[in-house]
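First the structure, in the form of structure tokens, and then the observations on it.
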Amino acid sequence: MASGKPKVVFVLGGPGAGKGTQCQRIVEKYGFVHLSAGDLLREERAREGSEYGEQIEYHIRNGSIVPVKVTCSLLENAMNHNIKQFGKNKFLIDGFPRNQDNLDGWNEQMSDKTEILFVLFFNCSEDICTERCLGRGKSGSGRSDDNAESVKKRINTYNNDSLPIIEHFKELNLVREIDASLSADEVFAKVQQVFNECSAVGAGGDQ
Ligand code: C5P
Ligand code: MG
């Protein structure tokens, strides 16, 4: 059963760095709940009657960042659901915080209620990120932002707005950096080293 504050690992890295792929594997091995900010926003965009649908679509196409009030509420609701329904208390928060507004909103709304274990940073070159996103678009990801124009904008946002947040966490000694240009298996081997070194993670599959 869950005890203590919910534990959070933030997962950051450029578009196409492999955050989602690795998170799936972490879920299987370590029993975390995977909450992708991008996926939650896409779900909210598709929800009938959402007052944020158009605003979200605008930001997703432009590779810009949705105001934190929207994103943080989606994250908090999803966390509460998993805590109450399934007794979960370990969360991978993927693609968040992406800019200063995200970080400020989290600190205001969530930092007292959660414990940050570390920040998993998938570092990957722009060329590889671009190649992966465009490849994903061609093989039918169905995402409105896996096209050359949107990918360029997403990379700009990452460089200008997200990298400073990673720097901020580096100063707090929270960043665990992984070379994400390697194959998914090689990256996961390194991911496991990071999780196995963290005593708060608990045994594999522990809730
Ligand atoms: O992480 P992912 O690539 O799925 O994010 C897709 C888009 O969702 C981002 O380019 C951005 O427009 C939006 N997003 C956001 N705030 C976040 C995460 C994603 O606005 N924290
Ligand atoms: Mg993703």
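Filter the range 107-133 down to the residues that are in a helix (DSSP H, G or I), over 29 Å from N147 (Cβ atoms) and of a type in the set (D, E) and list them by number. Of everything in the range 107-133, those that are in a helix (DSSP H, G or I), over 29 Å from N147 (Cβ atoms) and of a type in the set (D, E) turn out to be E108, D112.
Based on this model, can you work out whether V11 counts as away from ligand 2 (no atom under 13 Å from the Cβ) and either aliphatic (A, V, I, L, M) or within 16 Å of the chain's Cα centre (by Cα) (or both)?
no
Set side by side, the residues E177, E149, E197 differ, and just one is charged (D, E, K, R) and either open to solvent by less than 60 Å² (accessible area, probe 1.4 Å) or under 20 Å from N102 (Cβ atoms) (or both), which is E177.
S50 meets each of the listed conditions (1) within 16 Å of ligand 2 (Cβ to nearest atom); (2) on the phi < 0 side of the Ramachandran plot; (3) open to solvent by less than 70 Å² (accessible area, probe 1.4 Å); (4) more than 13 Å from the chain's Cα centre (by Cα) apart from (1). Under the condition of being open to solvent by 10 Å² or more (accessible area, probe 1.4 Å), among the β-branched types (V, I, T) and in contact with a Phe, Trp or Tyr (Cβ under 7 Å, 6 or more places away or on another chain), the residues counted in the range 9-33 number 1. Of all residues in the range 144-159, exactly one satisfies the criterion of being outside any helix (DSSP H, G or I), more than 19 Å from S181 (Cα to Cα) and without any contact (Cβ under 8 Å) to a residue 24 or more places away in the chain, namely N147. Of the numbered criteria (1) within 16 Å of ligand 2 (Cβ to nearest atom); (2) of a type in the set (S, T, Y); (3) over 12 Å from the mean Cα position of the chain (by Cα), the one T114 fails is (1). Candidates in the range 53-83 are the residues that are without any contact (Cβ under 8 Å) to a residue 40 or more places away in the chain and within 16 Å of ligand 2 (Cβ to nearest atom); of these, the one that is surrounded by the most Cβ atoms within 10 Å (Cβ to Cβ) is T71. For the range 82-117, the candidate set comprises residues that are out of contact with any helix residue (DSSP H, G or I) (no Cβ under 9 Å at 6 or more places or on another chain) and polar (S, T, N, Q); within that set, the residue that is farthest from ligand 1 (Cβ to nearest atom) is Q85.
The values are calculated or read from the model by the stated rules, or taken from the named source; none is laboratory data. This is a predicted model, so every value here is computed, not measured. Methodologically, a virtual Cβ is constructed for each residue, glycine included, from the backbone with ideal geometry; neighbour enumeration extends over all protein chains shown. With ligands, DNA and RNA removed, areas are computed over all heavy atoms of the protein, side chains included. Shrake-Rupley method; radii C 1.70, N 1.55, O 1.52, S 1.80 Å.
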